[in-house]
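Take a look at the structure below.
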Amino acid sequence: MNNVFSPKRFGKYFCYDLFNVKNNFGLTLLILGLLPFILFVVFQLINILFHGTFYVNSDGFMPARVITGIVCVTVAILAFPTKVYGSVTDRRAGSSFLMLPASTFEKWLSMVLMGCVLVPLCLSILYVGSDTVMGLVFPKAYGTPIINMPFDDIIGETDMPIDIHFSFTGLVWGNWSASMLFFTLGAICFKKGKVGKSILVLFVLTILASLIVVAIVGNFDADFANDTLLLNAVDADPETAARKIIALGKALLYFQLVLFLGLNYWRLRTIKH
């Protein structure tokens, strides 16, 4: 058992990995976390420079905030694996990685904790913190902070059955983890063009999955041309239909997480230089 996991040995390696994350991704993480502040300052400076006034329309600024959030998450997921673990495929750096006094399981566990727990936690604290400060200091120009937005009221206004409940935080974190694990797998598999090749693989897999779904649906002897059976089922019991859709989504997400966790461990275990 000591050859697989030792708390003392894992603690030392985890600290080493944490130091590596700080050196290779710390600055990027800080910039991404402060994007609300950076965006607001740049936006106002440009507005003052060209229009001579301070922009105070928070509704008009909202699209920029949404785009910034999407960019922040996308850059973090694409950049972190390559910056921190991309060197594993390099002959010299990869050999040093293999020589580190830790088991494959400990290296894999630390990698998962860094990408799926520590980075999203730190990024969320920085991003929400800077967003909250800007919202409190400039409420009319920046808008309501994310932490104070009435998401429950928005959800309550939808047509979803009232007895259907699921965790949006868990959904976001699950999708973050699946995406992070996928691009981490690309970072430790491909030697060059890690991000580009990973995106290409994702594109191909999406097409294949779509073709498989279409083929499966096409085998049913039902009138899908008019969606008669589907519409009748939803109209008859929308709550049951919603539960099935949510259950299917959860099953697919769990499958992705288990698959990518296993593939990352397999890659670390079989890598050689």
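The values are calculated or read from the model by the stated rules, or taken from the named source; none is laboratory data. This one's a predicted model, so the numbers in the text were calculated from it and none came from an experiment. When we count neighbours, we look across all protein chains shown, and the Cβ atoms used for this are built from the backbone with ideal geometry, even at glycine. To get the accessible areas, we keep the full protein, side chains included, count just its heavy atoms, and leave off ligands, DNA and RNA. Shrake-Rupley method; radii C 1.70, N 1.55, O 1.52, S 1.80 Å.
Taking the stretch 63-98 as the range and being open to solvent by less than 20 Å² (accessible area, probe 1.4 Å) and more than 24 Å from the chain's Cα centre (by Cα) as the test, only Gly94 passes. Taking the conditions (1) under 30 Å from Leu268 (Cα atoms); (2) assigned to a helix (DSSP H, G or I); (3) touching a residue at least 60 places away in the same chain (Cβ under 8 Å); (4) in contact with a helix residue (DSSP H, G or I) (Cβ under 6 Å, 6 or more places away or on another chain) in turn, Ala102 satisfies each one other than (2). Taken over the stretch 225-249, the criterion of being open to solvent by 90 Å² or more (accessible area, probe 1.4 Å) and at pLDDT 70 or above is satisfied by Arg243, Lys244, Ile245, Leu248. The lone criterion from (1) modelled with pLDDT under 90; (2) buried (at least 19 other Cβ atoms within 10 Å of the Cβ) left unmet by Glu106 is number (1). Under the condition of being of a type in the set (D, E, K, R) and closer than 16 Å to Ile31 by Cα, the residues counted in the stretch 55-73 number 1. Screening the stretch 4-62 for residues that are β-branched (Val, Ile, Thr), within 19 Å of Phe80 (Cβ to Cβ) and touching a residue at least 12 places away in the same chain (Cβ under 8 Å) and picking the one that is surrounded by the most Cβ atoms within 10 Å (Cβ to Cβ) gives Val21.
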